[in-house]
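**Q** Mind looking over this structure? Questions follow.
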Amino acid sequence: SAASGDTSIESGGVATLGNSGTVSLITGTCATAGDTGPIALTTGPTALGATGDIILTTGVATTIQGGIIHRGFFTSKYQAVPGGMTTTATIDEATLVKGLIVGNHAAGATQNYTLPTGVALAAILPATFTTGDAIDFSIINTSAALVDTITVVASVGITIVGKALIGSANAAATDNSTGLFRVKCTGAGTFICYRIG
């Protein structure tokens, strides 16, 4: 049977300052071509989907001191099939966490896409997702007519900071037809949704 315990790799040992040593994971030894082997971090059985969490933390969680430095040529992430929306509706929390929503309508006026409640969003996120953690999602408006805009609407437990209107794909539109949002957890079942792009 598979091992069910925890595995910890730690360096240093000063609790008040955080672990101060270095942990290195190195694959391959080719000096001219670089390290060529993969490092795979997998949680949960692949047949059921990865169900655990991989948490990278530098310093103390409340006062992060270190950084995570990426020196690869590119970063790849899995992208689920984007959620599709048309006229006024609530954004399903499962759709939001996929990270990409494509909106298209011909209603002749802006349509409201209401954020899920904070409680509903918290319920679908991992239990380890806590205050200060954030996820990003984007909405692309492919509607053709100039007036067929989309407005992101706050909900119970999620407030919005920044411009909530997303323009149409019409060439004459002055508002961007793509909106990038960052949703930050501020407490149990509460979030702030920032328009960042």
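Each value in this text was obtained by applying a stated rule to the coordinates, not by laboratory testing. Bear in mind the structure is a predicted one, so any value in this text is a computation, not a measurement. No Cβ is skipped: glycine too gets one built from the backbone with ideal geometry, and neighbour counts run over all protein chains shown.
**Q** For the residue pair ALA80 and LEU165, what label-to-label distance in nm results when each label sits 7 Å from Cα along the Cα-to-beta-carbon direction?
**A** According to this spin-label approximation, the distance is 3.1 nm.
**Q** If you don't mind, there's one more thing I want to ask. So which lysines can LYS77 reach, going by Cα to Cα under 19 Å and dropping same-chain residues fewer than 8 places off?
**A** Here the lysines satisfying the reach criterion relative to LYS77 are LYS98.
**Q** In addition: Can you compute the modelled spin-label distance between ASN176 and ILE140, with each label point 7 Å from Cα toward Cβ, in nm?
**A** Output for this residue pair reads 1.5 nm.
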